[in-house]
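The values are calculated or read from the model by the stated rules, or taken from the named source; none is laboratory data. Source: prediction; values computed, not measured. Here the Cβ positions follow ideal geometry from the backbone for every residue, glycine too, while neighbour counts run over all protein chains shown. Ligands, DNA and RNA are excluded from the accessible area calculation, which covers all protein heavy atoms including side chains. Shrake-Rupley method; radii C 1.70, N 1.55, O 1.52, S 1.80 Å.
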Amino acid sequence: MPAPLTIRPVCPQDCAGVARVAYLTGFFGQSAQVYFPDRALFGALWAGPYFHGAGAGCFVAEQAGEVVGYVLGASDHDRYRLALARVVARQVGRAWPTGATLHSLRYLWRAARHPSPHADWQAYPAHLHLNLLPAARGAGMGRRLLEAHLSVLGGLGVPGVQLSTTTENVAALGLYRRLGFEVLDTRVTPLWTPWLGHPATHVLMGRRAPGWDWDPAPRD
Ligand SMILES: CC(C)(COP(=O)(O)OP(=O)(O)OC[C@H]1O[C@@H](n2cnc3c(N)ncnc32)[C@H](O)[C@@H]1OP(=O)(O)O)[C@@H](O)C(=O)NCCC(=O)NCCS
């Protein structure tokens, strides 16, 4: 029988495990290796800010002592940008870039040219990321992680949370809708076309207070 899946708040020691999951799920639920071969840089940029000052309401899903998923979020966008800037500065002082780093810069350059849409940061100051390894999906952990995160945001009095996903992330769209998120904007993007083979569509979603008490459809 497989070990049970559990969730708990993140601790500083989870950074490597979270970075690993981020990398293994960073391309529409599959490995980011295809477009970002520098695994260490990916982990630093995607997970680092939440462990260096920006994180709020971050939880991990765990199985047999191993991180198999997470919800990462920041309740304040300025704080997130500051933490990201610190992480980037640390990376610039890293060892001389490898071939994998230079290859990965192509993606960063494309991401700067084709940014995902975002909502007004005053109305929706928080943002989040949610990912599970394939073997941990479909067992209610995504929902539990997201509910735990939203509860923390509610306690902090955050007025709204936004997130960016795509039409490729079918399960994620279902889960976000289920927990009361609505689509705020969509935008076709060529960002991933070299690796995906076709343009994707960014989907910006948001959820506003009051109270963060949602009325989910009953589980059957
Ligand atoms: C998105 C993700 C976090 C959802 O977590 P999960 O544990 O698999 O989902 P849950 O079992 O908690 O299901 C919660 C809800 O999500 C939706 N959902 C889950 N799997 C789905 C699927 N394959 N198709 C459509 N909707 C799905 C359903 O609405 C479901 O609620 P219901 O069971 O009451 O109908 C997970 O599938 C994942 O990591 N996917 C790959 C990475 C990703 O897309 N991350 C989001 C990036 S924005």
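Taking only the Cα atoms of the range 5-158, the radius of gyration and Dmax are 15.5, 45 Å. Stokes-Einstein diffusion for the range 97-156, with the hydrodynamic radius set to the Kirkwood value over Cα pairs and evaluated at 37 °C in a medium of 0.692 mPa s, equals 218 µm²/s. Distance from the C-alpha centroid of the range 7-56 to that of the range 126-162: 16 Å, rounded to the whole angstrom. Between 0 and 90 degrees, rounded to the nearest ten: what's the tilt of helix 39-51 against the longest Cα principal axis of the chain? Orientation of helix 39-51: about 40 degrees from the principal axis. What does the C-alpha gyration tensor say about the overall shape of the range 1-72? Classify as rounded when a/c is under 1.5, otherwise prolate if a/b is larger than b/c, or oblate. Oblate, since a/c reaches 1.5 and b/c is not below a/b.
Considering all projection directions equally, how large on average is the shadow of the alpha-carbon convex hull of the range 56-117, in square nanometres?
Details: hull surface 26.1 nm².
The directionally averaged projection comes out at 6.5 nm².
Per-atom-type breakdown for the chain gives carbon and sulfur 57% of the accessible area (1.4 Å probe, protein chains only). In percent, rounded to a whole number, the relative contact order of the range 5-158 is 31, using alpha-carbon pairs under 8 Å and six or more apart. In degrees between 0 and 90, to the nearest 10, how far off the longest principal axis of the chain does helix 77-92 point, with axes built from Cα atoms? So the helix axis and the longest Cα principal axis differ by about 30 degrees.
Taking other residues whose beta carbon is less than 13 angstrom from the beta carbon of GLN122, and scoring Lys, Arg as +1 and Asp, Glu as -1, yields -2. Helix 15-24 axis versus longest C-alpha principal axis of the chain: approximately 80°, rounded to the nearest ten.
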